[in-house]
Ligand code: 5RP
(Lines give C-alpha, C1' and ligand atoms only; values in the text may rest on other atoms or scores of the structure.)
Protein backbone atom coordinates (compact mmCIF):
# COMPACT_ATOMS: atom_id res chain seq x y z
CA UNK A 1 0.00 0.00 0.00
CA UNK A 2 1.37 3.45 -0.83
CA UNK A 3 2.22 5.62 2.16
CA UNK A 4 -0.24 8.33 3.12
CA UNK A 5 0.09 11.35 0.95
CA UNK A 6 1.67 9.54 -1.98
CA UNK A 7 -1.49 8.70 -3.83
CA UNK A 8 -3.83 10.99 -2.00
CA UNK A 9 -6.18 8.02 -1.54
CA UNK A 10 -5.49 7.11 2.08
CA UNK A 11 -8.55 9.03 3.28
CA UNK A 12 -12.01 7.78 2.34
CA UNK A 13 -13.17 9.49 -0.82
CA UNK A 14 -15.28 12.51 0.11
CA UNK A 15 -18.96 11.75 -0.17
CA UNK A 16 -20.60 13.35 -3.15
CA UNK A 17 -23.03 16.14 -2.32
CA UNK A 18 -25.88 13.80 -3.20
CA UNK A 19 -24.58 11.03 -0.96
CA UNK A 20 -24.12 13.42 1.94
CA UNK A 21 -27.56 14.92 1.48
CA UNK A 22 -29.16 11.50 1.23
CA UNK A 23 -27.43 10.40 4.43
CA UNK A 24 -28.66 13.53 6.22
CA UNK A 25 -32.22 13.03 5.01
CA UNK A 26 -32.12 9.47 6.27
CA UNK A 27 -30.73 10.53 9.66
CA UNK A 28 -33.47 13.14 10.14
CA UNK A 29 -36.12 10.65 9.05
CA UNK A 30 -34.88 7.95 11.42
CA UNK A 31 -34.87 10.41 14.33
CA UNK A 32 -38.45 11.42 13.56
CA UNK A 33 -39.57 7.80 13.38
CA UNK A 34 -38.63 7.49 17.06
CA UNK A 35 -41.29 10.10 17.92
CA UNK A 36 -44.08 7.78 16.78
CA UNK A 37 -45.65 5.39 19.29
CA UNK A 38 -48.17 2.54 19.32
CA UNK A 39 -51.70 3.55 18.44
CA UNK A 40 -50.82 6.92 16.90
CA UNK A 41 -52.61 8.50 13.97
CA UNK A 42 -49.74 9.61 11.74
CA UNK A 43 -49.66 12.07 8.83
CA UNK A 44 -47.08 11.09 6.22
CA UNK A 45 -45.61 13.80 3.99
CA UNK A 46 -44.24 13.47 0.48
CA UNK A 47 -40.77 13.50 -1.04
CA UNK A 48 -37.36 11.90 -0.84
CA UNK A 49 -36.88 12.62 2.88
CA UNK A 50 -40.21 11.01 3.68
CA UNK A 51 -39.12 8.06 1.52
CA UNK A 52 -36.56 7.36 4.28
CA UNK A 53 -39.17 7.84 7.00
CA UNK A 54 -41.50 5.11 5.74
CA UNK A 55 -39.13 2.12 6.12
CA UNK A 56 -37.82 3.54 9.41
CA UNK A 57 -41.39 3.64 10.69
CA UNK A 58 -42.27 0.20 9.32
CA UNK A 59 -39.13 -1.31 10.91
CA UNK A 60 -40.30 -0.23 14.34
CA UNK A 61 -43.17 -2.70 14.21
CA UNK A 62 -45.49 -0.40 16.15
CA UNK A 63 -49.00 -1.61 16.95
CA UNK A 64 -52.26 -0.03 15.80
CA UNK A 65 -50.78 2.78 13.71
CA UNK A 66 -53.13 4.50 11.33
CA UNK A 67 -51.59 6.73 8.69
CA UNK A 68 -52.80 9.43 6.31
CA UNK A 69 -50.78 9.94 3.12
CA UNK A 70 -50.32 13.33 1.45
CA UNK A 71 -49.84 11.87 -2.05
CA UNK A 72 -50.53 8.73 -4.06
CA UNK A 73 -46.76 8.04 -4.08
CA UNK A 74 -46.62 8.05 -0.29
CA UNK A 75 -49.81 6.02 -0.06
CA UNK A 76 -48.40 3.29 -2.33
CA UNK A 77 -45.01 3.22 -0.60
CA UNK A 78 -46.56 3.12 2.88
CA UNK A 79 -49.00 0.38 1.87
CA UNK A 80 -46.18 -1.71 0.38
CA UNK A 81 -44.36 -1.52 3.71
CA UNK A 82 -47.44 -2.64 5.64
CA UNK A 83 -48.26 0.77 7.13
CA UNK A 84 -52.08 1.04 7.26
CA UNK A 85 -53.31 4.07 5.31
CA UNK A 86 -56.71 5.66 6.02
CA UNK A 87 -58.37 8.84 4.81
CA UNK A 88 -58.03 12.00 6.88
CA UNK A 89 -61.79 12.15 7.24
CA UNK A 90 -61.83 8.67 8.79
CA UNK A 91 -59.36 9.76 11.45
CA UNK A 92 -60.51 13.36 11.90
CA UNK A 93 -57.32 14.51 13.56
CA UNK A 94 -53.77 13.25 13.82
CA UNK A 95 -51.39 12.78 16.71
CA UNK A 96 -48.32 13.57 14.64
CA UNK A 97 -47.45 14.48 11.07
CA UNK A 98 -43.94 14.25 9.65
CA UNK A 99 -42.85 15.87 6.40
CA UNK A 100 -39.90 17.33 4.55
CA UNK A 101 -39.38 20.91 3.35
CA UNK A 102 -37.74 22.73 0.47
CA UNK A 103 -36.51 25.68 2.56
CA UNK A 104 -36.48 26.54 6.27
CA UNK A 105 -35.69 30.09 7.37
CA UNK A 106 -34.28 31.11 10.78
CA UNK A 107 -37.75 32.13 12.04
CA UNK A 108 -39.19 28.71 11.17
CA UNK A 109 -41.08 29.68 8.02
CA UNK A 110 -41.06 26.89 5.45
CA UNK A 111 -41.38 26.65 1.71
CA UNK A 112 -42.98 23.33 0.81
CA UNK A 113 -44.54 21.76 -2.25
CA UNK A 114 -41.56 20.99 -4.44
CA UNK A 115 -43.30 17.68 -5.06
CA UNK A 116 -46.62 19.40 -5.77
CA UNK A 117 -48.34 18.00 -2.67
CA UNK A 118 -48.56 21.32 -0.80
CA UNK A 119 -52.32 21.48 -0.32
CA UNK A 120 -52.66 18.03 1.19
CA UNK A 121 -49.46 18.62 3.15
CA UNK A 122 -50.80 21.83 4.70
CA UNK A 123 -54.15 20.23 5.56
CA UNK A 124 -52.38 17.28 7.18
CA UNK A 125 -49.94 19.51 9.09
CA UNK A 126 -52.82 21.63 10.37
CA UNK A 127 -54.70 18.50 11.45
CA UNK A 128 -51.86 17.19 13.60
CA UNK A 129 -51.26 17.88 17.27
CA UNK A 130 -47.55 17.75 16.51
CA UNK A 131 -46.04 18.61 13.14
CA UNK A 132 -42.41 17.58 12.72
CA UNK A 133 -40.29 18.80 9.80
CA UNK A 134 -37.33 16.67 8.70
CA UNK A 135 -34.57 17.98 6.46
CA UNK A 136 -30.97 17.78 5.35
CA UNK A 137 -28.71 20.71 6.19
CA UNK A 138 -28.94 22.50 2.84
CA UNK A 139 -32.64 23.15 3.43
CA UNK A 140 -31.82 25.63 6.21
CA UNK A 141 -31.44 28.99 4.45
CA UNK A 142 -30.87 32.56 5.67
CA UNK A 143 -33.97 33.76 3.81
CA UNK A 144 -36.70 32.22 1.70
CA UNK A 145 -36.52 32.56 -2.05
CA UNK A 146 -38.65 31.69 -5.04
CA UNK A 147 -39.95 29.39 -6.28
CA UNK A 148 -42.91 29.21 -3.91
CA UNK A 149 -45.18 26.36 -5.07
CA UNK A 150 -48.85 27.12 -5.68
CA UNK A 151 -51.94 25.05 -6.40
CA UNK A 152 -54.56 26.78 -8.57
CA UNK A 153 -58.13 25.94 -9.36
CA UNK A 154 -58.31 24.84 -12.99
CA UNK A 155 -61.19 27.28 -13.69
CA UNK A 156 -59.72 30.63 -14.73
CA UNK A 157 -56.17 29.43 -14.08
CA UNK A 158 -54.61 31.88 -16.56
CA UNK A 159 -56.49 34.75 -14.93
CA UNK A 160 -55.34 33.62 -11.48
CA UNK A 161 -51.79 33.26 -12.71
CA UNK A 162 -51.76 36.78 -14.13
CA UNK A 163 -52.89 38.11 -10.73
CA UNK A 164 -49.95 36.32 -9.12
CA UNK A 165 -47.20 37.51 -11.47
CA UNK A 166 -44.40 36.64 -11.69
CA UNK A 167 -45.54 33.01 -11.69
CA UNK A 168 -45.63 30.12 -14.12
CA UNK A 169 -47.51 26.86 -14.44
CA UNK A 170 -45.47 23.70 -14.04
CA UNK A 171 -45.63 21.31 -16.96
CA UNK A 172 -47.13 17.95 -16.15
CA UNK A 173 -50.21 16.44 -14.67
CA UNK A 174 -52.64 18.20 -12.33
CA UNK A 175 -52.51 17.38 -8.63
CA UNK A 176 -54.38 14.24 -7.50
CA UNK A 177 -57.18 16.61 -6.48
CA UNK A 178 -57.39 18.20 -9.95
CA UNK A 179 -55.60 21.48 -9.17
CA UNK A 180 -52.86 22.96 -11.35
CA UNK A 181 -49.41 23.25 -9.83
CA UNK A 182 -47.52 26.50 -10.45
CA UNK A 183 -44.65 28.45 -8.91
CA UNK A 184 -44.55 32.03 -7.70
CA UNK A 185 -41.24 33.42 -8.94
CA UNK A 186 -41.06 36.89 -7.39
CA UNK A 187 -39.24 38.11 -4.30
CA UNK A 188 -40.45 36.58 -1.03
CA UNK A 189 -39.51 39.44 1.31
CA UNK A 190 -41.64 39.17 4.46
CA UNK A 191 -43.17 35.66 4.24
CA UNK A 192 -46.19 36.71 6.33
CA UNK A 193 -47.01 39.49 3.87
CA UNK A 194 -46.56 37.28 0.84
CA UNK A 195 -48.59 34.51 2.50
CA UNK A 196 -51.47 36.94 3.09
CA UNK A 197 -51.25 38.27 -0.47
CA UNK A 198 -51.24 34.80 -1.99
CA UNK A 199 -54.07 33.57 0.24
CA UNK A 200 -56.16 36.57 -0.77
CA UNK A 201 -55.97 35.79 -4.50
CA UNK A 202 -59.19 34.25 -5.83
CA UNK A 203 -58.52 30.98 -7.64
CA UNK A 204 -55.51 30.10 -5.52
CA UNK A 205 -56.24 26.86 -3.68
CA UNK A 206 -53.10 26.90 -1.54
CA UNK A 207 -49.53 28.13 -1.45
CA UNK A 208 -46.34 26.54 -0.15
CA UNK A 209 -45.47 29.06 2.58
CA UNK A 210 -46.00 27.30 5.93
CA UNK A 211 -46.09 29.60 8.96
CA UNK A 212 -43.97 28.76 12.02
CA UNK A 213 -47.20 28.41 14.05
CA UNK A 214 -47.96 25.21 12.13
CA UNK A 215 -44.67 23.63 13.11
CA UNK A 216 -43.91 21.88 16.41
CA UNK A 217 -40.33 20.75 15.79
CA UNK A 218 -37.72 20.89 13.05
CA UNK A 219 -35.03 18.21 12.78
CA UNK A 220 -32.15 19.27 10.54
CA UNK A 221 -29.47 16.64 10.00
CA UNK A 222 -25.97 17.93 9.30
CA UNK A 223 -22.49 16.46 9.36
CA UNK A 224 -22.27 16.99 13.13
CA UNK A 225 -25.55 15.35 14.00
CA UNK A 226 -29.13 16.48 14.26
CA UNK A 227 -30.07 20.02 15.17
CA UNK A 228 -33.48 20.21 16.83
CA UNK A 229 -35.16 23.58 16.36
CA UNK A 230 -38.44 24.40 18.09
CA UNK A 231 -41.30 25.35 15.79
CA UNK A 232 -43.58 28.31 16.37
CA UNK A 233 -46.20 25.98 17.88
CA UNK A 234 -44.33 25.61 21.19
CA UNK A 235 -46.31 22.50 21.97
CA UNK A 236 -48.37 20.61 19.48
CA UNK A 237 -51.06 20.06 22.08
CA UNK A 238 -54.35 21.66 21.29
CA UNK A 239 -53.47 22.58 17.72
CA UNK A 240 -55.77 20.14 16.00
C1 5RP B 1 -43.45 17.81 -1.44
C2 5RP B 1 -42.73 18.58 -0.39
C3 5RP B 1 -41.45 18.00 0.11
O4 5RP B 1 -41.52 17.85 1.49
C5 5RP B 1 -40.32 18.93 -0.24
O6 5RP B 1 -40.36 19.18 -1.63
C7 5RP B 1 -38.96 18.33 0.14
O8 5RP B 1 -38.71 17.25 -0.68
P9 5RP B 1 -37.48 16.28 -0.46
O10 5RP B 1 -37.67 15.58 0.85
O11 5RP B 1 -37.55 15.34 -1.65
O12 5RP B 1 -36.21 17.11 -0.49
O13 5RP B 1 -43.12 19.62 0.07
O14 5RP B 1 -44.58 18.50 -1.92
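Listed residues 107, 101; which is in contact (Cβ under 8 Å) with a residue 12 or more places away in the chain, surrounded by fewer than 22 Cβ atoms within 10 Å (Cβ to Cβ) and either in contact with a helix residue (DSSP H, G or I) (Cβ under 8 Å, 6 or more places away or on another chain) or not in a loop (DSSP other than H, G, I, E, B) (or both)? Of 107, 101, the one residue that is in contact (Cβ under 8 Å) with a residue 12 or more places away in the chain, surrounded by fewer than 22 Cβ atoms within 10 Å (Cβ to Cβ) and either in contact with a helix residue (DSSP H, G or I) (Cβ under 8 Å, 6 or more places away or on another chain) or not in a loop (DSSP other than H, G, I, E, B) (or both) is 107.
Tell me the residue from 29, 33, 73, 78 that is over 20 Å from residue 140 (Cβ atoms), at pLDDT 95 or above and within 14 Å of the ligand (Cβ to nearest atom), please. Let's see the steps before the verdict.
Numbers: 29 fails: over 20 Å from residue 140 (Cβ atoms); 33 fails: within 14 Å of the ligand (Cβ to nearest atom); 78 fails: within 14 Å of the ligand (Cβ to nearest atom).
Checking each option against the conditions leaves just 73.
When you go through 15, 57 one by one, which is the residue that is in contact with a helix residue (DSSP H, G or I) (Cβ under 8 Å, 6 or more places away or on another chain), closer than 23 Å to residue 136 by Cα, modelled with pLDDT under 95 and away from the ligand (no atom under 12 Å from the Cβ)? Every option except 15 fails the conditions.
Assessment of the range 81-89 against the conditions (away from the ligand (no atom under 15 Å from the Cβ) and in contact (Cβ under 8 Å) with a residue 60 or more places away in the chain) yields no matching residue.
Is it true that residue 149 is touching a residue at least 12 places away in the same chain (Cβ under 8 Å) and either within 12 Å of the ligand (Cβ to nearest atom) or over 24 Å from residue 51 (Cα atoms) (or both)?
On the way: touching a residue at least 12 places away in the same chain (Cβ under 8 Å): yes; either within 12 Å of the ligand (Cβ to nearest atom) or over 24 Å from residue 51 (Cα atoms) (or both): yes.
So residue 149 fits the description; yes.
Residues being within 30 Å of residue 91 (Cα to Cα) and more than 10 Å from the ligand (Cβ to nearest atom): count how many of those fall in the range 126-146. Selection size over the range 126-146: 7. Report yes if some residue within the range 69-83 is within 18 Å of the chain's Cα centre (by Cα), assigned by TED's automatic domain parsing to the domain that holds residue 125 and assigned to a loop (DSSP other than H, G, I, E, B); otherwise report no. Yes, some residue in the range 69-83 is within 18 Å of the chain's Cα centre (by Cα), assigned by TED's automatic domain parsing to the domain that holds residue 125 and assigned to a loop (DSSP other than H, G, I, E, B).
Step by step: first the residues of the range 40-51, then only those that are surrounded by fewer than 23 Cβ atoms within 10 Å (Cβ to Cβ) and assigned to a helix (DSSP H, G or I), then the one that is nearest to the ligand (Cβ to nearest atom). Which residue is that?
The initial filter retains those residues of the range 40-51 that are surrounded by fewer than 23 Cβ atoms within 10 Å (Cβ to Cβ), namely 40, 48, 51.
If we keep only those that are assigned to a helix (DSSP H, G or I) too, we end up with 48, 51.
Values: 48: 3, 51: 7 Å.
Only one residue fits best here, namely 48.
When we screen 100, 108, 116 for residues that are within 21 Å of residue 18 (Cβ to Cβ) and not assigned by TED's automatic domain parsing to the domain that holds residue 182, the only hit is 100.
The values are calculated or read from the model by the stated rules, or taken from the named source; none is laboratory data. Keep in mind it's a predicted model, so treat the numbers as computed, not measured. In this analysis, Cβ positions are derived from the backbone assuming ideal geometry, glycine residues included, and neighbour counts consider all displayed protein chains.
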